[in-house]
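To start, the structure itself, in structure tokens.
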Amino acid sequence: MNIGSAIELKGLLWDIGVIIFKIAIVLAAVMGHVAYATYFERKVIARMQMRLGPMIVGPYGILQPIADGIKSFFKEDIIPANADKPIFFMAPVFGLMAALTTLAVIPFYDGFIISNINIGLLFIFAMSSLGVYGIILAGWASNSKYSFLGSLRCSAQVISYEVSLGLSLVGVMLMAGSLNLTDIVHAQQRYPGGLYIIPQFIGFFTFVVSAIAETNRTPFDLPEAETELVAGFFTEYSGMRFALFFMAEYTGMIVMSSVAVLCYLGGWTLPPFILKLLPFLAAVPGIVWFVLKLYACIFFYYWIRATLPRYRYDQLMSIGWKVLIPLSLVNVVITALMKLWFTNSHV
Amino acid sequence: MIQQGFFIYFASMCVIASALIVTRKNVMHAVLLMLLLFFHVAGLYLFLNAEFLAAIQIIIYAGAIMVLFLFVVMLLNLREGPNKRVYIRDWPMGLIVAAGIMLVFVVSTFYLRLGEGGAWSIDKIKTMTHTSAIGYVLFTQYMLPFEIASVILLVAIIGAIVLARKKLKD
């Protein structure tokens, strides 16, 4: 081995080390957020319903997520008779894997991204469409009617809402001219308004509704409708495997909120008119703004959950196909025409 | 060297997964192996700098078409699979045809010659990004075929609706 290839190898190992370090940081941060998102959710909903929420474990119940984690870790792992064991074991892991892989393309602030690829948004769609496998396989492999019905509902729901989710972001892609999430944020910075939520309000509305449906949250949590299906697709799961589904759901929420922040709310930047008004805000690091916007989006999820009742299944389908998809198509056409008229840009 | 290693991994996994798909008795496992195959095909697209195709491969095939496959398998309730040893009676015939096609492919690789480079070199696609390159070509050079394909798809969609409605009236 000559010196050149030795240096090359050293550089390669250094790159791999940096990537692994970044992955460890992102995973630790997101898992911590997932744990405390459950606490946050219980507290917020409790306050909205005039209750106190968890108060026993630690001051104000602050150690509740840790107690929950320990409990689910030591619980007995029950496998139903006649379950398809390999698929039963694989399903929750697959669901969580699809949710966590998405984190690789999310820029948390300028330059901090595990993998800066050109097709960032498409990658997120691809992984969120794979998340449905965890649910379908769980429902099928547990050999139970409730699980099976839940998973059938879920697959139909996710396939339908994926279409409007993708179409609603086409407006953002057209305005930014890129699928790279970092480029989208930079394009928003250059844009006079600073935020794409202003020109893309139709797109933002359809995105929010489809994102709630895509992550199976209330009012679209038909796959796990407790009153009809016990717990839906994870009825037969217990202990740590159940916790994996939970983590996948909350990671999905964090990912969808991050996409909303990056594509519509300006990511880690502030709109120029606010910076002109209050120039000292520019000194605050970008990650703070990103995290604050992310928390606001997650709070919105909980707010909706505490406010709205669950939809009926046929209502869910007609909202998806008859309202959201036409609306997002209209948004695409309007955005394309506006871009053509105002910029006259050619490739 | 690393690229070659990855290529060998993706290519051999494609072959192994396809061989496993056609030999599984459990239909569900076959469908899941097909999912694995689609992932590795997407990996092969990445080697060709076709990142858009790789993403579309996963979104359309793994995310939509395989879910429909799963639906069909679930609704037919094929949990154990038919109790037959072989699905198809004339499998030797199929094997001969497949082997013949494989022979044609292998022989033709020996006569492979690189054609003249077109307007779209790898560097040009890399600077323009693959997604916008595909969009540009589709909406300028291949506008007519693209529109014809979309009209055919529209006809198929309307046809499916018409067929489903007739069934409802009976």
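The values are calculated or read from the model by the stated rules, or taken from the named source; none is laboratory data. For clarity, every value in this text was computed on a predicted model and none was experimentally measured. Virtual Cβ from ideal backbone geometry, glycine too; neighbours counted across all protein chains shown. With ligands, DNA and RNA removed, areas are computed over all heavy atoms of the protein, side chains included. Shrake-Rupley method; radii C 1.70, N 1.55, O 1.52, S 1.80 Å.
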Boolean, A:PHE242 is in a helix (DSSP H, G or I), under 21 Å from the mean Cα position of the chain (by Cα) and assigned by TED's automatic domain parsing to the domain that holds A:PRO107: yes
Region B:65-85, subset open to solvent by less than 70 Å² (accessible area, probe 1.4 Å) and modelled with pLDDT under 60, residue nearest to the other protein chains (Cβ to nearest Cβ): B:ARG79
Every residue from region B:30-52 that is hydrophobic (A, V, I, L, M, F, W, C), open to solvent by 20 Å² or more (accessible area, probe 1.4 Å) and part of a helix (DSSP H, G or I): B:LEU32, B:LEU33, B:MET34, B:LEU36, B:LEU37, B:PHE38, B:PHE39, B:VAL41, B:LEU44, B:LEU46, B:PHE47, B:PHE52
Filtered residue count, region A:120-132, keeping only those that are at pLDDT 85 or above and within 7 Å of another protein chain (Cβ to nearest Cβ): 4
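Within region A:22-48, which residues are farther than 22 Å from A:ALA248 by Cα and either in contact (Cβ under 8 Å) with a residue 24 or more places away in the chain or open to solvent by 40 Å² or more (accessible area, probe 1.4 Å) (or both)? Spell out the reasoning first.
Let us first name the residues in region A:22-48 that are farther than 22 Å from A:ALA248 by Cα, namely A:46-48.
Within region A:22-48, A:ARG47, A:MET48 meet the criteria.
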Test: residue in region A:262-272 that is outside any loop (DSSP other than H, G, I, E, B), closer than 29 Å to A:ILE159 by Cβ and either of a type outside the set (Gly, Ala, Ser) or open to solvent by 60 Å² or more (accessible area, probe 1.4 Å) (or both): yes
Flag for A:GLU236 being open to solvent by 20 Å² or more (accessible area, probe 1.4 Å), among the charged types (D, E, K, R), farther than 29 Å from B:PHE52 by Cβ and assigned to a loop (DSSP other than H, G, I, E, B): yes
Any hit, region B:128-141, residues being loosely packed, with under 11 Cβ neighbours inside 10 Å and within 14 Å of chain A (Cβ to nearest Cβ): yes
Helices (runs of 4 or more DSSP H) lying entirely in region A:118-232 (those with 2 or more residues that are open to solvent by less than 10 Å² (accessible area, probe 1.4 Å)): A:120-141, A:145-176, A:181-190, A:201-214
Candidates A:LEU152, A:LEU169 - the one that is of a type outside the set (Val, Ile, Thr) and within 8 Å of chain B (Cβ to nearest Cβ): A:LEU152
Flag if B:ARG165 is outside any helix (DSSP H, G or I) and either more than 14 Å from every other protein chain (Cβ to nearest Cβ) or among the acidic types (Asp, Glu) (or both): no
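Conditions (1) under 28 Å from A:ALA296 (Cα atoms); (2) open to solvent by less than 90 Å² (accessible area, probe 1.4 Å), marked per residue:
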{"site": "A:TYR60", "(1), (2)": "yes, no"}
{"site": "A:LYS71", "(1), (2)": "no, no"}
{"site": "A:PHE94", "(1), (2)": "no, yes"}
{"site": "A:THR101", "(1), (2)": "yes, yes"}
Filter pass, A:ALA282 being open to solvent by 40 Å² or more (accessible area, probe 1.4 Å), assigned to a helix (DSSP H, G or I) and modelled with pLDDT under 85: yes
Candidate set from region B:53-64 (those that are at the interface with another protein chain (Cβ under 8 Å from one of its Cβ atoms) and surrounded by fewer than 21 Cβ atoms within 10 Å (Cβ to Cβ)); member that is nearest to the chain's Cα centre (by Cα): B:ILE56
